[in-house]
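Reviewing the structure listed below.
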Amino acid sequence: PYVVVSNHQSSLDLMGMMEVLPDRCVPIAKRELLYMGAVGVVCWLGGIIFIDRKRTHDAISVMAEAAHTMLSQDVS
């Protein structure tokens, strides 16, 4: 298992990253991207897990649940 951290320059970078990341990879992004029109819809359909960075406790619980699922399904 590994973690890839990306510092992207635009919303389009996320869609490009979806193509280059390995299979069975679980992407996580800030919740604000969900509300960026077509980009948000594409990200949601692509299976990105959104976290609310302003609500730390909720973000931690979402990431903990994702980690548990990732371990049980053997994904990165």
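How many Å² of accessible area per residue for region 26-74, probe 1.4 Å?
72 Å²
Any idea what the dipole of region 26-74 comes to, in debye rounded to 20, about its Cα centre with Lys/Arg Cβ at +1 and Asp/Glu Cβ at -1?
Charge dipole, region 26-74, about its Cα centre: 220 debye, nearest 20.
Just need log10 I(q)/I(0) for region 26-74 at q = 0.15, 0.31, 0.32 Å⁻¹, Debye formula, equal scatterers on the alpha-carbon atoms, no solvent, rounded to two decimals.
-0.41, -1.09, -1.12
When the accessible area of the chain is computed with all protein chains present and a 1.4 Å probe, what percentage of it is carbon and sulfur?
59 percent
For a quick check: with amide H placed at 1.01 Å from N, whose amide H comes under 5 Å from residue 28's, ignoring anything fewer than 5 positions away on the same chain?
49
I'd like the accessible area for residue 17: 1.4 Å probe, protein heavy atoms, all chains in place, Å² to the nearest 10.
Roll a 1.4 Å probe over it and residue 17 shows about 40 Å².
The values are calculated or read from the model by the stated rules, or taken from the named source; none is laboratory data. Just so it is clear, the model here is predicted, and its values are computed rather than measured. All Cβ positions, even for glycine, are placed from backbone atoms using ideal geometry, and neighbour counts span all protein chains on display. The area values use the complete protein model at the heavy-atom level, side chains included, leaving out ligands, DNA and RNA. Shrake-Rupley method; radii C 1.70, N 1.55, O 1.52, S 1.80 Å.
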